[in-house]
Amino acid sequence: MTSQPLNETQKELLAATGMTVEFIPVQGELNVGPQHPGSGHMRIYVKLNGDIIEDVDLDVGYVHRAVEKLSENRNYMHLIPLVERPAILDSIHMNLGYIIAVEKILGVDVPERAQYLRSFAAEVNRIASHLYGLGILAIFLGHSTGFMWGFGDREIWVTILEALTGARVTNSYVIPGGVRRDLTQEIKDMTLKAIVYQRKRLEDWKKIFFYNPSVRARLENVGVMSKENAIKWGAVGPNLRASGVYYDVRKVEPYAAYDKLDFEIPVYKEGDGLARGLVRLEEIEQSMRILEQIIKNIPEGNILSDRFFKQIPPTRLKKYWETYRRIVLPGYYASFRPPKGEAISRVEAGRGELVYYVVSDGSPKPYRLRMITPSYRAIYVFKQLCKGARYADLVSIYGSLDYFPPEADR
Amino acid sequence: MSEVIKNAINELQSKFKCQVRVESERRINIVVDKSFIIDVAKYLKSLGFDHVKSVTGIDYPEQERLEVVYHISSYSNLDLAKIIIALRTSVSYKDPSLPSLYPVFESAWTGERETYEMLGIRFEGHPDLRRLFLDEDFEGVYPLRKSFKIKLEGIFVDKPATK
């Protein structure tokens, strides 16, 4: 830290107040993180002038797992558990985006029931992801109740995913041509019950968190991102929609069953931290609307494309499909060779748009897999938003962006 | 495919000598020489394609070349938002540099920085071309080039017990 001598105005002010303590404006650098409740697994190198942030340098990469390089050494099916690790709390979307890209290369059609089930799992996961994000935002602001509520509510949705897929967080539910397990009446009842509970809870969320004057003071007019800046910096998801841009992959390029479902996209104009939080809160409500429609309208039928379903040996079909309604694929499935070509897919994950770009050279392994996660695109947004903010607002900007370091690092 | 896009494709082919391939309603592929890439990017931006989704580098060791793919799309225009343009260009191993698209699309900042550290492609004009994910003391070739081999351990490895 370097101290600067006082200028004339400051000296006059000090003399007028009659204070004898010397007041020194300070310029310097500050390291936040790498392990810090306000930075996650990331070092934020902050250049300060007084308590105004002049510039930040984000040192990401503490949890880099090299998914893109590892994908050149794994078969397509073996990659499913790998690509969903980066966003451990949004794994259905990571899984889904990758599978859509692979299906485009393979040229597989997906039965309608499987499409609905994909939407179902994705929306349950979106609610869980948003509740996690709101909980993290709350604890960054020192609001412990919000943190515990977020994680407590999330538990209900994770339990539904567990009942549906058999795994709590890394579900590996979506496979080329369909999904792994079928929906049962018990899960439907569970979900309807959870929706009733969550609706009541969302009102409480507003009362205790968003109408709370101290929370509002920390979020309102903090980290304001204008519409032009949001477009220029390439923001995604709720952050983009809080700045007034109507863009959602579910509407622009519908995948799964979204073209048959009726829902709205919440858009705010303010572009500040509060708007980003409220967009996520309202998306939870919209996701629950989608879930109700899916439970009501889900068509009967197979959950795996006929092309793959016919290849399952009859004994296995009898054992798993006819008793537990579960797909267990034969071993040779693991090393299929897609034709030469490339595919790009995009899905709307919990935090925003997720892009997969797969290049195939005809071997059982991808030649190149590019994974652009929402948090990866938030790196630049975060850097730009911090400039000119107060140091105390660093955490509220971070929390309101719903930035998740492992997802950015991949 | 709308009239605007059809006209744009004709213009691109005649003016900038691009090879344009329309793959489907929503996907367009443009191959361009690296000396024209800034002009093409500026032209695309004037049409309403306002952000870069991803910057990808692909290594082709037999041909000793690296391919750079920019995926460009739009936020402000909902019709253009349905389209993703893949803007491709190639650089050789001997001179792995090309002009950065940062002055045109600011959102290319992260992608170009990562492509630089993973494949060693220099983006001339990028304001902050430093390492992003790797350690500061990481040594050896660039990790996403095919010459970088990962040491793999099989499930059944007969390793002698360490003495």
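Of the helices (runs of 4 or more DSSP H) that lie entirely inside region A:306-410, those containing 3 or more residues that are open to solvent by 20 Å² or more (accessible area, probe 1.4 Å) span A:306-309. Mind listing whichever residues of region A:128-142 are more than 17 Å from residue A:274 (Cβ to Cβ) and open to solvent by less than 10 Å² (accessible area, probe 1.4 Å)? Those that are more than 17 Å from residue A:274 (Cβ to Cβ) and open to solvent by less than 10 Å² (accessible area, probe 1.4 Å): A:128, A:129, A:131.
Every residue, every condition in (1) closer than 29 Å to residue A:330 by Cα; (2) within 12 Å of chain B (Cβ to nearest Cβ); (3) basic (Lys, Arg), yes or no:
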{"residue": "A:50", "(1), (2), (3)": "no, no, no"}
{"residue": "A:57", "(1), (2), (3)": "no, yes, no"}
{"residue": "A:67", "(1), (2), (3)": "yes, yes, no"}
{"residue": "A:76", "(1), (2), (3)": "yes, no, no"}
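From the list A:290, A:312, the lone residue that is under 21 Å from residue A:183 (Cα atoms) and in contact (Cβ under 8 Å) with a residue 40 or more places away in the chain is A:290. Of all residues in region A:275-305, those being open to solvent by 10 Å² or more (accessible area, probe 1.4 Å) and part of a helix (DSSP H, G or I) number 10.
Residue pairs whose Cβ atoms lie under 6 Å apart, separated by 6 or more positions or on different chains, with the first residue in region A:5-28 and in a loop (DSSP other than H, G, I, E, B) and the second modelled with pLDDT of 65 or more, are A:25/A:50. Quick one: would you say residue A:163 is in a helix (DSSP H, G or I), within 24 Å of residue A:330 (Cα to Cα) and touching a helix residue (DSSP H, G or I) at 6+ places or on another chain (Cβ under 9 Å)? So residue A:163 fits the description; yes. When residue A:109 is tested against (1) surrounded by fewer than 18 Cβ atoms within 10 Å (Cβ to Cβ); (2) part of a helix (DSSP H, G or I); (3) in contact (Cβ under 8 Å) with a residue 12 or more places away in the chain, exactly one condition is not met: (2).
Within region B:104-134, restricting attention to residues that are outside any helix (DSSP H, G or I) and open to solvent by less than 10 Å² (accessible area, probe 1.4 Å), which residue is nearest to the other protein chains (Cβ to nearest Cβ)? By that ranking, first place goes to B:133. When residues of region B:135-145 are filtered for being closer than 21 Å to residue A:406 by Cβ and surrounded by fewer than 22 Cβ atoms within 10 Å (Cβ to Cβ), how many remain? So the count comes out to 4. Return the residue satisfying two criteria in turn: it lies in region A:215-255 and is away from chain B (no Cβ under 13 Å) and assigned to a helix (DSSP H, G or I), and of such residues it is surrounded by the fewest Cβ atoms within 10 Å (Cβ to Cβ). Once the filter is applied, the top-ranked residue is A:217.
Look at (1) surrounded by 18 or more Cβ atoms within 10 Å (Cβ to Cβ); (2) in contact with a Phe, Trp or Tyr (Cβ under 8 Å, 6 or more places away or on another chain) and you find that residue B:59 fails only one, number (2). Selection of first residues in region A:147-166 that are of a type in the set (S, T, N, Q) and of second residues that are open to solvent by less than 50 Å² (accessible area, probe 1.4 Å) and part of a helix (DSSP H, G or I), restricted to Cβ pairs under 9 Å at least 6 apart or on distinct chains, gives the following pairs, ordered by first then second residue: A:159/A:194; A:165/A:92; A:165/A:121.
Within region B:14-22, one or more residues are farther than 15 Å from residue B:119 by Cβ, assigned to a loop (DSSP other than H, G, I, E, B) and within 17 Å of the chain's Cα centre (by Cα). Reported count of residues in region B:63-89, each being within 11 Å of chain A (Cβ to nearest Cβ), part of a loop (DSSP other than H, G, I, E, B) and either closer than 21 Å to residue A:370 by Cα or among the hydroxyl-bearing types (Ser, Thr, Tyr) (or both), is 4. Going through region A:256-274 one residue at a time, which ones are buried (at least 19 other Cβ atoms within 10 Å of the Cβ) and not in a loop (DSSP other than H, G, I, E, B)? Answer for region A:256-274, where residues must be buried (at least 19 other Cβ atoms within 10 Å of the Cβ) and not in a loop (DSSP other than H, G, I, E, B): A:258, A:273, A:274.
The values are calculated or read from the model by the stated rules, or taken from the named source; none is laboratory data. Remember, it's a predicted structure, so these values are computed and weren't measured experimentally. Don't worry about glycine lacking a Cβ; one is built from the backbone with ideal geometry, like all the others, and counts go over all protein chains shown. These accessible areas exclude ligands, DNA and RNA; they are computed on the full protein's heavy atoms, side chains included. Shrake-Rupley method; radii C 1.70, N 1.55, O 1.52, S 1.80 Å.
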